[in-house]
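To start, the structure itself, in structure tokens.
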Amino acid sequence: MTASDRLQELLGLAHEASQPQMTGSALRERFGLPDHWPLRPGAVWRARWDDVALLVLLVGTPTATTITAMPVTFDDSGADGDTLLVTAPACRGVRLTVWRTLRRDLPLAVLDRPVDELAPAVIAWTTGGPAPHDAQIGGPTLPSVAPRSPVRADLRDDLDALMAAVPALKLAPPRLATSATRERVSPSDEQLARLMDRLGVGLPVVLDLIDGKRQPTQDEAAALLDIVGVTPEVAPPPAELVIEMYHPRWKVTVLDLAHRRDLKEAAARVAMANGAFALAARQTGEQTPDWRERLARWADAEGLMRS
Amino acid sequence: MSVDDLAARACEEVQALGRLDEACVELLFALMWEETRRFTVLRPASGWDRDAVEDLASEFFVQRVDKLTAEMVTIGVTAQVVGKVARRWVRNFLIDRARGTPLGRIRRKLEEDMLGQYPEFLQVPVGEEGAGRWYLAGQPSYPYGGDFTPLIDAAYAVPGVKAIRWSGPRHPPLTSDASLRAIVAAVFIAARGSLEVAQLVHVVAQRFPAAAEPEDTTIGDDTFERVTQVGKDDPGFALGIGESIREVYDQLSPSQRALVPYLECENKIVMEVLHVGRSRAYEALKHVRDLLDRLLPDDDTRDVVCAAVVAMCGEM
């Protein structure tokens, strides 16, 4: 067989194995708007953070910032008595392996997109119930030797990475008044003018920096230090905003921001939180902001993807 | 084109088409070329060449294209993820092959030199429950479906069994035919029923844990050759405690010997040595520790033998 014949044969097999219904665009169409996504037990989601991506089965209801889940894979190497082989309804007969001993509480913010939904009987099995009639236990439970599945070992590392993924955005007490930081720096009119001139921006932008409403860039921080003699402390985004940003509905927007600004996801989250916070601080009096709405408005102003 | 570039193209393919295409095939072939170098037990007699690697890559593709496609399409969202996932799949395929090689040898040994050879081992006839399984003459033939532990314990309880040294670089040790015959009989007696060959293979593999090892996947050819030479012609081994040292050392596979000097090292050093992630490195070390624990003599020479084995392994 020539190299060309071999390639054609393999490409033929690849065509037969295609899964067009699982591409990003097909999943967008299937699951609709983010507010309708199934954030409930039985849903299979893609979880991702930087260069880690894997499928997880949700087995609990979400808290404000976490969700209990366990990994599922298409690779069943090393499957044993604590794994279940199930047919994923959307995957054209290809079976998924559920690894129930790798149950973890993951940050909600690692959830990227729903992929499929499994039957309640599978969730029952994850807590010790019987295997569903249309599923199969992955293999025997072997005594005396610990199973040394490379798939399991990699999953463990990936889950560790996801659990440590979301940066601890500093939580501020609810309704922390921005004036708390505003009083710390009181530049003269001449200093404000020099800052506007050096940074090439208008007064509102300079005041936001002075008031610590957003993180200054490196140049801005240098200018503040040179002209005012201090870099104002930045007020951390309030807890409600941070919690709202954990919701998977913002993942696409964060990743789009990360892509456009060439940032890691963690940095993009901080930038987005600070951006929405600064916007809200300019526009809100003493009212409690609707952070979902504020984030949406900020994302739209930045021209970022929303779903 | 580099593996990273291929991964970037492969990522675009899977997301646009919902399937693997030319760049994915090229990526898998490139990764197979890199990864086979780490699997000494799989190396063909004439060495790795383009045809041998492409044959293996094609076999991988035919066997796993359905599952790999589903995984790539659902999680292959960046070039880095595609590259990492593809490499893991290729590596896991090779680990399966490497594990299958010694297990296959144990299976052939049992089928050809034991079960079909000696009259006390009988096969359950067609039409009876458990047809095709094997049992011991004078014992029940009803299929055994219980725990493996008592069978493994019975295999260990057979007295006078001596493990055989690695006979050449790629033939893991079992024991003499006479000892293996006694072990198989003891296992059947403990089972009080019939066993599949695969069940018997599993028990024998547990009895001779050094005989079926995947860690040969993690060292290069040079290390493999060096480590198999250490102590080969040392006359000191014939004397006294040297025999115990030799017995333990001989039962360790070359790659296990290569890992022994790292038993007390931090995990991150082992990760660098093996080019694997944290959990895989941890498990590899844990396995060698457990294996040594089982192989070292259970008497007052244990510490001395252990120190000597570690020293020998460090000589390479």
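Any residue in segment B:103-125 that's under 29 Å from B:LEU42 (Cβ atoms): show its pairings with residues that are polar (S, T, N, Q) and surrounded by 15 or more Cβ atoms within 10 Å (Cβ to Cβ) at Cβ separation under 9 Å, as long as the two are six or more apart or on different chains.
As it stands, the answer is B:LEU115/B:GLN123; B:GLY116/B:GLN123, since those pairs meet every condition given.
Please count how many residues of segment B:49-81 are outside any helix (DSSP H, G or I) and in contact with a Leu (Cβ under 6 Å, 6 or more places away or on another chain).
Counting residues in segment B:49-81 that are outside any helix (DSSP H, G or I) and in contact with a Leu (Cβ under 6 Å, 6 or more places away or on another chain) gives 0.
Out of curiosity, is B:ASP300 over 26 Å from B:GLU35 (Cα atoms) and surrounded by 13 or more Cβ atoms within 10 Å (Cβ to Cβ)?
Taking the combined requirement at face value, the residue does not satisfy it.
Residue by residue through segment B:115-157, note down the ones that are of a type in the set (Phe, Trp, Tyr), surrounded by fewer than 18 Cβ atoms within 10 Å (Cβ to Cβ) and at pLDDT 90 or above.
Result: B:TYR118, B:TYR142.
Go through segment A:11-43 and give me each residue that's touching a residue at least 12 places away in the same chain (Cβ under 8 Å) and at the interface with chain B (Cβ under 9 Å from one of its Cβ atoms).
The answer is A:GLN19, A:GLN21, A:MET22, A:GLY24, A:LEU27.
In segment A:228-260, how many residues are farther than 24 Å from A:HIS36 by Cα and either modelled with pLDDT of 90 or more or in contact with a strand residue (DSSP E or B) (Cβ under 6 Å, 6 or more places away or on another chain) (or both)?
Adding up the residues that qualify gives 5.
Would you call B:ARG108 away from chain A (no Cβ under 11 Å), surrounded by fewer than 20 Cβ atoms within 10 Å (Cβ to Cβ) and touching a helix residue (DSSP H, G or I) at 6+ places or on another chain (Cβ under 9 Å)?
No, not satisfied.
Which is modelled with pLDDT under 95 and more than 26 Å from the chain's Cα centre (by Cα), of A:GLY12, A:GLY24?
Values: A:GLY24 fails: more than 26 Å from the chain's Cα centre (by Cα).
Going through A:GLY12, A:GLY24 in turn, just one is modelled with pLDDT under 95 and more than 26 Å from the chain's Cα centre (by Cα): A:GLY12.
Based on what the data block shows, is B:ALA16 surrounded by fewer than 22 Cβ atoms within 10 Å (Cβ to Cβ), of a type in the set (Gly, Ala, Ser) and within 10 Å of another protein chain (Cβ to nearest Cβ)?
Considered against the rule, which asks whether it is surrounded by fewer than 22 Cβ atoms within 10 Å (Cβ to Cβ), of a type in the set (Gly, Ala, Ser) and within 10 Å of another protein chain (Cβ to nearest Cβ), B:ALA16 comes out as yes.
Can you find a residue that is part of a helix (DSSP H, G or I), at pLDDT 90 or above, acidic (Asp, Glu) and not assigned by TED's automatic domain parsing to the domain that holds A:LEU39 anywhere in segment A:204-224?
No, the conditions are met nowhere in segment A:204-224.
Look through A:LEU85, A:LEU96 and report the one residue that is assigned to a strand (DSSP E or B), within 14 Å of another protein chain (Cβ to nearest Cβ) and surrounded by fewer than 19 Cβ atoms within 10 Å (Cβ to Cβ).
None of the others qualify; the one that does is A:LEU85.
With respect to A:LEU39, determine if the residue is of a type in the set (A, V, I, L, M, F, W, C), in a loop (DSSP other than H, G, I, E, B), at pLDDT 90 or above and surrounded by 19 or more Cβ atoms within 10 Å (Cβ to Cβ).
So A:LEU39 passes the test.
Within the bounds of segment A:117-138, is there any residue that is within 11 Å of another protein chain (Cβ to nearest Cβ) and in contact (Cβ under 8 Å) with a residue 40 or more places away in the chain?
Among the residues of segment A:117-138, not one is within 11 Å of another protein chain (Cβ to nearest Cβ) and in contact (Cβ under 8 Å) with a residue 40 or more places away in the chain, which makes the answer no.
Scan segment A:263-285 and tell me whether some residue there is touching a strand residue (DSSP E or B) at 6+ places or on another chain (Cβ under 8 Å), assigned to a helix (DSSP H, G or I) and modelled with pLDDT of 85 or more.
For segment A:263-285, residues touching a strand residue (DSSP E or B) at 6+ places or on another chain (Cβ under 8 Å), assigned to a helix (DSSP H, G or I) and modelled with pLDDT of 85 or more: present.
Find the residue count for segment A:1-10, including only residues that are at the interface with chain B (Cβ under 10 Å from one of its Cβ atoms) and of a type in the set (Gly, Ala, Ser).
1
State the number of residues belonging to segment B:257-316 that are within 14 Å of chain A (Cβ to nearest Cβ), under 26 Å from B:ARG207 (Cα atoms) and not polar (S, T, N, Q).
Final tally of qualifying residues: 15.
Among B:ALA57, B:ALA98, B:ALA86, which is the only one that is buried (at least 19 other Cβ atoms within 10 Å of the Cβ), farther than 30 Å from A:THR23 by Cα, within 12 Å of chain A (Cβ to nearest Cβ) and in contact (Cβ under 8 Å) with a residue 12 or more places away in the chain?
Within the list B:ALA57, B:ALA98, B:ALA86, the selection yields B:ALA98.
Within segment A:46-61, track down each residue that is more than 8 Å from every other protein chain (Cβ to nearest Cβ) and crowded, with 18+ Cβ neighbours inside 10 Å.
Result: A:ALA47, A:TRP49, A:VAL56, A:LEU57, A:LEU58, A:VAL59.
The values are calculated or read from the model by the stated rules, or taken from the named source; none is laboratory data. No experiment lies behind these values; they were computed from the predicted model shown. Counting neighbours? That spans all protein chains shown, and the Cβs are built from the backbone with ideal geometry, glycine included.
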